[in-house]
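J.: The structure under discussion is supplied below as structure tokens; questions concerning it will follow.
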Amino acid sequence: MDITLEKLNEVLDALEKGELRVAEKKDGVWTVNKWVKEVILAGFRLGAIQDMSQGQFSFFDKDTFPVRHFSQADGVRIVPGGSSIRRGAYLAPGSIVMPPAYVNVGAYVGEGTMVDSHVTIGSCAQVGRNIHISASTQIGGVLEPAGALPTIIEDGAFVGGNCGIYEGTIVEEGAVIASGVIITSSTAIFDATTGQFIRRNQDGRIVVPRGAVVVSGSKPIVRDGKPLESGVHLYCPVIVKYRDEKTAGSIHLEDLLR
């Protein structure tokens, strides 16, 4: 694909307006718009290092990806204190960014979603509507390879503090991720309601089921079908139940903080 600066800026503008997305859910299946990622990647090759320093703070980055500027008309609440949203990221009206936070190029943040303090949302991550990404959580970026799906958090999910959701993980609608849970493509999640592990799907991704309530747990190291005598355990996220009215009520309390 022959990509010019004009094409790059056209795509970045469309991403910022929400007219274009890196990934979309069509007929219940998430698909990646590979060509959009290819344009973003080309932007790094087209750019040159530029001095973007402000006051006493020094910044040097590619001139093709400056910090995005907002106006009151955008309807986004960005609380003072050092947050940074990069060019090509979309924040929907009604979303909230608490300081300091970082949202990278190609990311999508839906209406009513709160990006809390010390949260990072990686390149091309797709975060839906009415979600709370709690303090110090990292939503991983997946920019390369261009055909790979990014990390996705669907509508109505809740992600607790100090979590890490990485490597193209999909957190389905309404799921609750408790504080401190780490999920990657190699993380086997144990579903205590069925007694089975949720492993990577055919596309190599971990999918947290709709409405699942996931907490940090552990599993014993097994050799020849038996736990080691040392008693050493490995980290393992555990689905303890699926979301009910009581869970929804406790999550609703978060709305009062907005």
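J.: For the stretch 1-119, give me the percentage of DSSP beta bridges that are antiparallel, rounded to the nearest 5 percent.
T.: In the stretch 1-119, approximately 55 percent of DSSP beta bridges are antiparallel ones.
J.: Ok, one more. What size of dipole, in debye to the nearest 20, comes out for the chain about its Cα centre when the only charges are +1 on Lys and Arg C-beta atoms and -1 on Asp and Glu C-beta atoms?
T.: The calculation lands at about 500 debye.
J.: Using packing as a proxy for protection, rank 51-64, 147-160 so that the peptide with the highest average count of other Cβ atoms within 10 Å comes first.
T.: Highest-to-lowest ranking by the protection proxy: 147-160, 51-64.
J.: After finding the eigenvalues of the alpha carbon gyration tensor for the chain, what semi-axes result from the square roots of 5 times each, listed largest first in whole Å?
T.: Equivalent ellipsoid semi-axes, largest first: 34, 21, 18 Å.
J.: Could I ask something else about it? Go ahead and run the numbers for FRET between Met52 and Leu5, Cβ-Cβ distance against an R0 of 22 Å, rounding to 0.05.
T.: E(calc), rounded to 0.05, equals 0.80.
J.: Put +1 on the Cβ of each Lys and Arg and -1 on the Cβ of each Asp and Glu in the chain; which of Val97, Ser134, Ala107 then has its Cα farthest toward the positive end of the dipole?
T.: About the Cα centre, the residue reaching furthest to the positive side is Ser134.
J.: Based on the mean of other Cβ atoms within 10 Å per residue, sort peptides 138-145, 216-223, 68-75 so the most packed one is first.
T.: Descending mean neighbour count gives 138-145, 216-223, 68-75.
J.: Still on this structure, I have one more. Lysines within cross-link reach of Lys25: Cα-Cα under 27 Å, excluding same-chain residues under 8 positions apart?
T.: Of all the lysines, those that pass the test against Lys25 - Cα under 27 Å, at least 8 places apart if same chain - are Lys7, Lys17, Lys34, Lys37, Lys241.
J.: Over the chain, what is the relative contact order in whole percent, taking alpha-carbon pairs under 8 Å and six or more residues apart?
T.: Computed value for the chain: 10 percent relative contact order.
J.: In the chain, with Lys and Arg counted as +1 and Asp and Glu as -1 at Cβ, which of these residues, Val22, Ile170, Phe190, has the Cα nearest the positive end of the dipole, that is, farthest along it?
T.: Phe190
J.: Can you give me the long-range amide H partners of Gly164? Hydrogens built in the peptide plane at 1.01 Å from N, cutoff under 5 Å, separation of 5 or more residues or another chain.
T.: Long-range HN contacts for Gly164: Gln138, Val181, Ile182, Ile183.
Values in this text are rule-based calculations from the coordinates and carry no lab data. Small disclaimer: the values here were computed from a predicted structure and weren't measured. Glycine gets a Cβ as well: all are built from the backbone with ideal geometry, and neighbour counts include every protein chain shown.
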